[in-house]
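Below is one structure, written out as structure tokens, with a few remarks after it.
Bear in mind that the values in this text are calculations on the coordinates, not laboratory data. Keep in mind the model is a prediction, meaning the values are calculated, not measured. Ideal geometry is used to build each Cβ from the backbone, glycine not excepted, and the neighbour counts take in all protein chains shown.
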Amino acid sequence: MLRAPYEVGKSYITMDTKLEDLCEKGFWQEALQLVWIHDERQGWQVSHAMLYLMLQKCTKKQDLGVGKQAHCLVVKYGLQFEPYLHRLLIRMYAVCGSMSDANRVFQQHQAPDIFAWTEIISMNARIGQNEQAIKLYEQMQVFDILPDGHVYVMALKCCMGARDIKRGKLIHAQIIENDMESDAFVRNMLIDMHAKLGSLHDAQNLFEKSSLKCDVIAHGVIIGGYLENGLPTQAVQVFGQMQQRGVKPDRVIVLSTLKAISTLECLHEGRLLHIHILINGFESEISVPVEYRFFIEYQC
């Protein structure tokens, strides 16, 4: 590809080097202006890598105006459907707060790859556009594109946000069909979705079926699910099972269990949990709410 020289004193450096230097120093708008000047006057075309760099900088700084200028260059050079640039354009518009443009860029591609699907679904989910994200997930099936674990997690999260257990169960069936239920991230999100949408029996079955494989996150999810459904006794029982399995609880689990114990007014379990907090050095890590602090300090 042609490289236009940029004069600095008596030496010459390639245009890409100059553009990279401008971008690294935060002058990506000046870099774009330089590209347009040389493009119009000398017929010079910026490299793909430099376009990618400029779009990255616009995304990081959330500069929609400059991002649109970079998009114009991408279209002018006929590169808008290059997979890596296509995905970055989607992300740039989404991060810059123009989700409608992000969706439009995605829809313009007649055959987006799995990474583009993942990007657009994730970005819609990220801003709470649950219905749009679920519809995009369903469109994937029409294009016969097999979702990966990340897409399943995002789709399930959106079902939770939309309070749509029917679609959630349908996605669960597809996960089983594609042998993805054993994936830790997918499994934890399935437990969370079922518990939060009132399908606690399914959450319990999934947790118990793979309890020996479950990590600290899965234990935290099922404990939170029991609490949300008014079952503090079961939450305390799961915490006890964690201890037996040697799974160390995190701050969220300790606080959730403390809430369950306080609800039940279980003095013995409260003392044991207080000892656990002291032994594991959680006192410095956990900011215990006043109502629970009273319970462990005075009731125990």
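Taking the Cα centre of the stretch 111-190 as origin and assigning +1 to Lys and Arg Cβ atoms and -1 to Asp and Glu Cβ atoms, the resulting dipole is close to 460 debye. A full extension of the chain between Ser182 and Ile127 corresponds to an added length of 17.0 nm, given 0.36 nm per residue minus the alpha carbon distance. Here the stretch 108-207 was treated as a single set of alpha-carbon atoms; its pair distances binned every 10 Å from 0 give 16, 52, 27, 4, 0 percent.
Checked against a 22 Å cut-off, the cross-linked pairs Lys166/Lys196; Lys135/Lys209; Lys157/Lys248 give Cα-Cα distances beyond that limit for Lys135/Lys209; Lys157/Lys248.
The packing ranking, built from the mean of other Cβ atoms within 10 Å per residue, places the peptides 238-245, 164-171 in the order 164-171, 238-245, highest first. Each peptide in 119-125, 106-112 gets a packing score, the mean of other Cβ atoms within 10 Å over its residues, and the list from highest to lowest is 119-125, 106-112.
Normalising the average separation of contacting C-alpha pairs (under 8 angstrom, six or more residues apart) by the number of residues puts the relative contact order of the stretch 111-190 at 29 percent. Protection proxy ranking of 249-256, 186-193, 150-157, by the mean of other Cβ atoms within 10 Å over each peptide's residues and highest first, is 186-193, 150-157, 249-256.
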